[in-house]
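J.: Can you read through this structure? Questions will come right after.
Throughout, read-outs are computed from the coordinates displayed, never taken from laboratory work. Remember, predicted model here, so these are calculated numbers, not experimental data. Methodologically, a virtual Cβ is constructed for each residue, glycine included, from the backbone with ideal geometry; neighbour enumeration extends over all protein chains shown.
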Amino acid sequence: MVVPSAVHTNHPWWAHHIQHKQIAPAGVKAGLGKGIGWHSFRHTYSSMLRHLGVDVKVQQELLRHADIRTTMNTYTQAMPTALREANSKVVRLVLQ
């Protein structure tokens with residue numbers, strides 16, 4: 001992937017250069033650790049789609065995964081608020 005340079009240097013910005021010089025340092029500065037990269041955006045996108053209730057097949061096609069298991073088992077994580085809400089529902093049910 002090549003991104004045109006915002007600074008008129010006549011040199012392209014390469015994806016690995018952007019990740020190393022921009023994305024990774026921003027992740028560290030935000031307290032997310034050193035492992036932030038291009039795939040972090042895909043994981044976040046997948047988790048957000050799930051949180052919004054988007055159909056699983058639609059998620060798979062948007063992420064262009066051949067196997068739906070890749071979408072659900074590798075890329076998608078439950079949002080913390082959804083986890084808390086689900087747990088609270090069980091607690092309310094037990095305490096009734």
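J.: Considering only region 62-80, how many residues are part of a helix (DSSP H, G or I) and surrounded by 12 or more Cβ atoms within 10 Å (Cβ to Cβ)? Reasoning before the result, please.
T.: Initial filter on region 62-80 (part of a helix (DSSP H, G or I)): 62-63, 68-75, 80.
Now drop any that are not surrounded by 12 or more Cβ atoms within 10 Å (Cβ to Cβ), which leaves 62-63, 68, 70-72, 74-75.
Within region 62-80, residues that are part of a helix (DSSP H, G or I) and surrounded by 12 or more Cβ atoms within 10 Å (Cβ to Cβ) number 8.
J.: Could you please find all residues in region 81-96 being among the hydroxyl-bearing types (Ser, Thr, Tyr) and either in a loop (DSSP other than H, G, I, E, B) or surrounded by 10 or more Cβ atoms within 10 Å (Cβ to Cβ) (or both)? Outline the logic, then answer.
T.: Taking region 81-96 first, the residues among the hydroxyl-bearing types (Ser, Thr, Tyr) are 81, 88.
Hit for region 81-96 is 88, nothing else.
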